[in-house]
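Values quoted throughout were computed directly from the atomic coordinates according to the rules given, and no laboratory measurement underlies them. Being a predicted model, the structure only gives us computed values, none of them experimental. When we count neighbours, we look across all protein chains shown, and the Cβ atoms used for this are built from the backbone with ideal geometry, even at glycine.
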Number of protein chains: 2
Amino acid sequence: MFSVELGLEVLERTPAVLRALLQGLSPDWTNANEGPDTWSPYDVVGHLIHGERADWMTRVNIILQPGGGTFHTFDRFAQFRESQGKSLSQLLDEFAAARRDSLAALRALALTDTDLDKTGTHPKFGAVTLRQLLSTWVAHDMDHLMQISRVLGKQLKDDVGPWTEYLRVVRS
Amino acid sequence: MFSVELGLEVLERTPAVLRALLQGLSPDWTNANEGPDTWSPYDVVGHLIHGERADWMTRVNIILQPGGGTFHTFDRFAQFRESQGKSLSQLLDEFAAARRDSLAALRALALTDTDLDKTGTHPKFGAVTLRQLLSTWVAHDMDHLMQISRVLGKQLKDDVGPWTEYLRVVRS
């Protein structure tokens, strides 16, 4: 179902969604995770900022450059350095600003269907199209919103008693 | 980790989260579902409204009445009647108003730890405590936010190409 316009609808909403969900929420929630080597909502927001600054538009531009090119590897741990010393509120502001910049740049490209078929080289997957990259950007937002909802809900797994049976969020 | 105050933090945010995510989004997104007998984001908002009006505070009050009482069954299909003819924007407004009313009533109860240990009878589970009910209300919000994120992300499952491997949201 992907189109650039439908994708933009979601991408432009994510900063406000995360702000509505996380701004002012107690650290008991925002620093909670799903166990060792899993991420808290705070970690996820840092990850999204890094993607905005280092990955998504960088990869779009690599695909659009003459002859394409190879992507660098997405650094899935950058946020553990880059978020240090920052409040969640600061991170939410940074994400909103970074996303705004990315989407302004994306819109300025006025992508055509021909552009969407252009390819770059993913270090693991090989040739991928711009359409696949942009679809992945949108799905990646929803993947992490799903993760944050799950992390928050799961904190109640010992509190809900028999309702565990009806709540996928505390079991997954 | 449940406490009434931590629970309220999440419950009071959900209407704004859903509005930030869904208001003005194309029907291609908001009416999409995960296949036969699954719910769209539009359906989920209707379900949340019904819960607000018919279930959560009703059950709280049953537990607090002298001698407790038995809950009616939660109608998981009410939204298919009650949302008919309404726009998603109307439903988001209704949910925000209904949630505001529920939480005002909940706060007015000034619940004590003793209250939280009181029980009502669930038609399937038998005795459940007020603490379990309130925890479930919060987890239920996150369960449905997780569901909406998943439904939206999953619409891109045929578009993301090899990135399927990294995106739990399109596989689950």
Rounded, prolate or oblate for the range B:1-77? Axes are the square roots of the Cα gyration tensor eigenvalues, ordered a ≥ b ≥ c, and the cut-off for rounded is a/c under 1.5. oblate
Quick one: 3J(HN,Hα) in Hz for the range B:89-102, Karplus 6.51/-1.76/1.60 with θ = phi - 60°, rounded, Gly and Pro as x. 4, 4, 4, 5, 5, 4, 5, 4, 5, 5, 5, 4, 4, 4
What does the structure give for A:26-32 when I average, per residue, the other chain Cβ atoms found within 10 Å of the residue Cβ? 2
Count, for each residue of B:9-22, the Cβ atoms from other chains sitting within 10 Å of its Cβ, then give me the mean as a whole number. 5
Could you point to the residue in B:25, B:45, B:153 farthest towards the positive end of chain B's charge dipole, with +1 and -1 charges on the Cβ of Lys/Arg and Asp/Glu respectively? B:45
Shortest-first distances to equivalent copies, position residue A:65, nm, label 7 Å out along Cβ: 7.1
Selection from B:69, B:54, A:85, by position along the positive dipole direction of the protein assembly as shown (Cβ): B:69
Using the crude model of +1 on Lys and Arg Cβ and -1 on Asp and Glu Cβ, and no other charge, please compute the dipole size for the protein assembly as shown relative to its Cα centre, in debye to 20. 160
Which one, A:26, A:135, A:89, has the greatest fluctuation when you compute a Gaussian network model over chain A with C-alpha springs under 10 angstrom? A:26
What are the residues whose amide H is under 5 Å from the amide H of residue A:69, where those residues sit 5 or more places off or on another chain and H is modelled from the backbone? A:121
State, to one decimal in nm and shortest first, how far the label point of residue B:97 sits from each corresponding label point in the other identical copies (label point: 7 angstrom along Cα-to-Cβ). 4.0
What relative contact order, as a whole-number percentage, does the range B:1-71 give when Cα pairs under 8 Å and 6 or more residues apart are counted? 13
Contact order relative to length of chain A, as percent, for alpha carbon pairs under 8 angstrom and 6 or more apart: 29
Per DSSP, the loop-located trypsin sites (Lys or Arg not before Pro) within the range B:69-98 having at most 14 other beta carbons within 10 Å are B:76
With Cβ to Cβ distances under 15 Å as the rule, what net charge do the other residues near residue B:97 carry (K, R +1; D, E -1)? -1
Work out, in µm²/s and without decimals, the Stokes-Einstein translational diffusion coefficient of the range B:53-172 at 10 °C, 1.306 mPa s, Rh from Kirkwood over C-alpha pairs. 93
Rounded, prolate or oblate (a/c below 1.5 giving rounded, otherwise prolate when a/b exceeds b/c) for the range B:57-111 by Cα gyration tensor: oblate
At 7 Å out from Cα toward Cβ: residue B:109 inter-copy label distances (nm, ascending): 5.2
For peptide B:129-142, compute the average count of partner chain beta-carbon atoms within 10 Å of each residue's beta-carbon. 6
Charges at C-beta only: +1 for Lys and Arg, -1 for Asp and Glu. How large is the resulting dipole of the range A:1-134 about its Cα centre, in Debye rounded to 20? 220
Quick one: P(r) of the protein assembly as shown from all Cα-Cα pairs, 20 Å bins, percents rounded to integers, in order of increasing distance. 30, 54, 15, 1
Nearest 0.05, what FRET efficiency do residue B:90 and residue B:110 give at R0 = 30 Å with Cβ-Cβ as r? 0.35
Asserting the computed 222 nm helical MRE of chain A (DSSP H runs at least 4 long, -39500 (n - 2.57) per run, divided by residue count, to nearest 500) equals -19000 deg cm²/dmol
Whole-Hz ³J(HN,Hα) for each residue in the range B:17-25, computed from phi via Karplus 6.51 cos²θ - 1.76 cosθ + 1.60 with θ = phi - 60°, x for glycine and proline: what do you get? 5, 5, 5, 4, 7, 10, 4, x, 5
When N counts the residues of the range A:106-168, how does its alpha-carbon radius of gyration compare numerically with 2.2 N^0.38 Å, as a ratio? 1.79
For a protection proxy built on the mean count of beta-carbon atoms within 10 angstrom, sort A:29-36, A:58-65 highest first, please. A:58-65, A:29-36
